[in-house]
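Visitor: Let me begin by handing over the structure; questions about it come next.
The values are calculated or read from the model by the stated rules, or taken from the named source; none is laboratory data. Being a predicted model, the structure only gives us computed values, none of them experimental. When we count neighbours, we look across all protein chains shown, and the Cβ atoms used for this are built from the backbone with ideal geometry, even at glycine. All accessible areas refer to the heavy atoms of the entire protein, side chains included, with ligands and DNA or RNA removed. Shrake-Rupley method; radii C 1.70, N 1.55, O 1.52, S 1.80 Å.
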Amino acid sequence: MYATNYHRASSVDEAVKLKSGADEGKYVSGGMTLIATMKQRLASPSDLVDLRHIPSLKGIRVDGRRVTIGAATTHAEVASSAAIRAVCPALSDLAGMIGDPHVRHMGTIGGSVANNDPAADYPAAMLALAATIVTDKRQIAADDFFTGLFETALEDGELITAITFEAPEKAAYAKFPNPASRYAMTGVFVTKGSGGVRVAVTGAGADGVFRDSGLEQALAGNWSPDAVANVSIDSSALLSDLHATADYRANLIKVMAKRAVAAA
Ligand SMILES: Cc1cc2nc3c(=O)[nH]c(=O)nc-3n(C[C@H](O)[C@H](O)[C@H](O)COP(=O)(O)OP(=O)(O)OC[C@H]3O[C@@H](n4cnc5c(N)ncnc54)[C@H](O)[C@@H]3O)c2cc1C
């Protein structure tokens with residue numbers, strides 16, 4: 001690991017100023033991705049600006065069915081939140097499936113969404129829940145946020161402050177985890193609410209997380225696991241790697257979609 005300067009910010013304004021004043025600064029939240037990358041010398045930021053001690057980035061608020069989660073909230077806090085479980089148990093379940101206890105107690109929702117790993121779980125939830133990503137500058141719809149592998153609509157220095165969404169009537173997440181890392185080989189998050197049916201797939205797309213319009217149409221017509229059987233998944237845009245071929249992932253999408261609808 002190369003030497004770096006560590007800064008502990010106590011407000012969003014201070015964090016943004018510290019980063020913009022640094023040569024090649026980076027925000028660090030849980031550090032579960034960034035510190036590992038630095039240890040491998042694949043990243044060498046001149047300065048790390050720690051977001052975890054900024055009070056306004058912490059905490060969970062549920063008003064009616066409106067859920068707002070601070071960016072520095074850990075996966076463990078989301079998994080154990082009774083308030084979230086009461087209106088959207090699918091999100092608590094998803095957070096409880098991330099990695100292992102160490103990762104869940106350090107990793108944060110803001111870090112996961114900003115990182116947009118193609119096998120991460122939260123991006124699928126954000127898309128299926130039609131969530132809004134709130135930053136220090138603006139509000140970005142999840143549909144416009146995830147732009148490719150590890151790519152997002154965030155501009156340089158833009159800081160995610162919170163995630164917000166209206167809990168749908170029905171939702172569930174089904175994941176086929178990689179047995180070693182627990183990342184999704186394929187994960188499918190389904191929702192049904194006033195905005196219709198939304199189905200988002202992670203771990204399988206060659207270009208990262210995506211919504212599947214075929215599954216959405218089939219489930220809008222008939223919200224049942226049986227409706228998934230006749231949908232054909234085009235494997236040409238799916239990922240093939242040492243873990244699974246594109247065809248295998250295409251099959252997993254259907255299996256996970258069926259399980260998610262049954263659970264919802
Ligand atoms: C062994 C292991 C297993 C894992 N398994 C899973 C899994 O099953 N599913 C899953 O989804 N993930 C998994 N992860 C990833 C984990 O969820 C991380 O927590 C997540 O990817 C990054 O969150 P973080 O808070 O640690 O971010 P960091 O590592 O601190 O930061 C990641 C990136 O996001 C940026 N960033 C952080 N916060 C913000 C913010 N508020 N605004 C703007 N940019 C920001 C940083 O600058 C950095 O570029 C695993 C990780 C490990 C090490």
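Visitor: Count charges around N5 for me, please; just the other residues with Cβ under 12 Å from its Cβ, Lys/Arg as +1, Asp/Glu as -1.
Guide: Overall, the nearby charge balance is -1.
Visitor: While we're here: Size of the chain along its principal axes in angstrom, Cα-based, largest extent first?
Guide: Computed over the chain, the largest-to-smallest principal extents equal 55, 44, 31 Å.
Visitor: Also, quick follow-up: Where is the GNM fluctuation largest for the chain (alpha-carbon springs, 10 angstrom cutoff): L242, L91, L42?
Guide: L242
Visitor: List the lysines whose alpha-carbon lies under 23 Å from that of K254, not counting same-chain residues fewer than 8 positions away?
Guide: Straight-distance partners of K254: K170, K175, K192.
Visitor: Further question on the same structure: If exposed GluC sites (Glu not before Pro) are those in a DSSP loop with at most 15 other Cβ within 10 Å, what is the longest stretch of the chain that has none?
Guide: 25-154
Visitor: Please compute the modelled spin-label separation between I35 and S10, points set 7 Å along Cα→Cβ, answer in nm with one decimal.
Guide: 2.3
Visitor: Determine the distance separating the Cα centre of the stretch 151-195 from the Cα centre of the stretch 1-63; give it in Å without decimals.
Guide: Comparing the Cα centres of the stretch 151-195 and the stretch 1-63, I get a distance of 22 Å.
Visitor: Please identify, among I98, I35, I60, the residue showing maximal mean-square fluctuation in a Gaussian network model of the chain using a 10 angstrom Cα cutoff.
Guide: Looking only at I98, I35, I60, the largest GNM fluctuation is found for I35.
Visitor: Once you sort the root eigenvalues of the Cα gyration tensor of the stretch 115-264 as a ≥ b ≥ c, which label holds: rounded (a/c under 1.5), prolate (a/b larger than b/c) or oblate (the other case)?
Guide: Note, shape of the stretch 115-264 comes out oblate.
Visitor: Which order do H7, H102 take by accessible area at a 1.4 Å probe, largest first?
Guide: H102, H7
Visitor: Same structure, new question: With the Cα gyration tensor of the stretch 1-157 giving a ≥ b ≥ c as the square roots of its eigenvalues, does the rule (a/c under 1.5 for rounded; else a/b larger than b/c for prolate; else oblate) give rounded, prolate or oblate?
Guide: It is prolate, given that a/c is not under 1.5 and a/b is the larger ratio.
Visitor: Could you work out the relative contact order of the chain? I mean the mean sequence separation of Cα pairs under 8 Å and 6+ apart, divided by the number of residues, in percent.
Guide: Dividing the mean separation by the residue count of the chain yields 15 percent.
Visitor: Then there's this: Counting alpha carbon pairs within less than 8 Å and at least 6 residues apart, what relative contact order, in whole percent, applies to the stretch 1-148?
Guide: Relative contact order for the stretch 1-148 comes out at 19 percent.
Visitor: Tell me, what is the 1.4 Å probe accessible area of D50, in Å² to the nearest 10?
Guide: 0
Visitor: How much accessible area per residue does the chain have, in Å², with a 1.4 Å probe?
Guide: 45
Visitor: What is the stretch 5-50 by shape, rounded, prolate or oblate, if you read a ≥ b ≥ c off the alpha carbon gyration tensor as root eigenvalues and call it rounded for a/c under 1.5, prolate for a/b larger than b/c, and oblate otherwise?
Guide: Here the stretch 5-50 falls in the oblate category.
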